[in-house]
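**Q** The following block contains the structure, expressed as C-alpha cells.
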Amino acid sequence: MAAAQLNSTSVLPSFEGLRSSTSKASSVVVSLPFRSLTLRSTRGLVVKSATTVAPKYTSLKPLGDRVLVKIKAAEEKSIGGILLPSSAQTKPQGGEVVAVGEGRTIGDKKVDIGVKTGTPVVYSKYAGTEVEFNGSNHLILKEDDIVGILETDDVKDLKPLNDRVLIKVEEAEETTAGGLLLTQASKEKPSIGTVIAVGPGPLDEEGNRPGLPLSPGNTVLYSKYAGNDFKGTDGSEYIALRSSDVMAVLS
C-alpha cells in the first residue's frame, strides 16, 4: 500500500505586485513499492522576457495612451566601486520616454499624453511589456503606470503624476514600549509618513483633473503593502503610491 509522507517546507520568493514576500512551497513525497515520486508545487513566480523586434523594423509607434520608454541600464557596481553579480543588481525602474501614443478620448474630450519625449520617468516595477528594439531594452506601458518624473538622481525630487503621492516614510521604532532594543529583523515596517509631493489628480469623466485631498507636509497613514519603495541619497526611505492607498491624515 502506498504511503504518503509530508516533507519539510521550503520558502521561495514571490513577486506578486511590487513587493517581495514569501510563499511556501510544499514538497510531497509519495512512497511506492519500487520508486519515489516527488510532487512540488510553486505559486506566485513570475518570469518575464523581452520581445525581440527584428532589425528590419526601424520604427515603433505606441498606440492610444501607451508610452515607449528606453530602460535605464542597471548599476553594475556599488557606490563603493564593488562589482555586483547579476543576481544582486536591482531591476531598473526608470528610463527615458522615446515615443508616445496619440492619447485617449474621454467623453467628447481628447486627452493627450502627459509626458513628452526625452522626459526621464519612474514607472511601476512590473508594469508594461519589455521589448528589445534597435539593440536596447525598452518598455511599452500605459501612461497610468508611470509613477512620476525624476530629473535628478535623488528620489525626493520625484514629481508624481496622476493620482500618485510621494511620502517620506517614518523611521521604524528602535526600541519596544518597555525599552528593549529591537533587532533589524524584528522592527515593524512603518506605514506612517510625511507627504513630500502630490500629483495633479486622476482624470474625471470630463477629462479634467480635480486635484487630490492631500498636501505636502501632511502626516498620513497608508496601506502597508501598497506602492513602490525607494531609498533616497541620504538613506531615507520613500514610497510612491496612489492617493486611494492613503487611509487617513494624522494631526
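**Q** Out of the residues in the stretch 148-194 that are in a helix (DSSP H, G or I) and surrounded by 10 or more Cβ atoms within 10 Å (Cβ to Cβ), state the one that is modelled with the lowest pLDDT.
**A** SER186
**Q** Now, a different point. What number of residues within the stretch 210-233 satisfy the criterion of being open to solvent by less than 90 Å² (accessible area, probe 1.4 Å) and without any contact (Cβ under 8 Å) to a residue 24 or more places away in the chain?
**A** The number of residues fulfilling the criteria is 5.
**Q** Suppose the filter is in contact with a Pro (Cβ under 8 Å, 6 or more places away or on another chain), open to solvent by less than 50 Å² (accessible area, probe 1.4 Å) and at pLDDT 95 or above; does GLY101 pass it?
**A** Here the answer is yes, as GLY101 does meet what is asked.
**Q** While we're looking at this one, here's another question. Kindly indicate the residue of the stretch 121-139 that is open to solvent by less than 40 Å² (accessible area, probe 1.4 Å) and of a type in the set (Val, Ile, Thr) and also farthest from ILE239 (Cα to Cα) among those meeting that condition.
**A** Here the answer is VAL131.
**Q** Checking the condition assigned to a strand (DSSP E or B) and either modelled with pLDDT of 65 or more or open to solvent by less than 20 Å² (accessible area, probe 1.4 Å) (or both), which residue from GLY118, GLY114, GLY95 passes?
**A** It is GLY95.
**Q** Continuing with the same structure: GLY201 - would you say it is modelled with pLDDT under 85, over 26 Å from ASP234 (Cα atoms) and out of contact with any His (no Cβ under 7 Å at 6 or more places or on another chain)?
**A** On the way: modelled with pLDDT under 85: no; over 26 Å from ASP234 (Cα atoms): yes; out of contact with any His (no Cβ under 7 Å at 6 or more places or on another chain): yes.
So GLY201 does not fit the description; no.
**Q** Further, regarding this structure: So, of the residues in the stretch 215-251 that are under 12 Å from the mean Cα position of the chain (by Cα) and assigned to a loop (DSSP other than H, G, I, E, B), which turns out to be farthest from TYR126 (Cα to Cα)?
**A** By that ranking, first place goes to TYR225.
The values are calculated or read from the model by the stated rules, or taken from the named source; none is laboratory data. Note that the structure is a prediction, hence the values are computed from the model and not measured. Reconstructed Cβ throughout: ideal geometry from the backbone, glycine too, with neighbour counts over all protein chains shown. Calculation scope for accessible area: heavy atoms of the full protein, side chains included, ligands and nucleic acids excluded. Shrake-Rupley method; radii C 1.70, N 1.55, O 1.52, S 1.80 Å.
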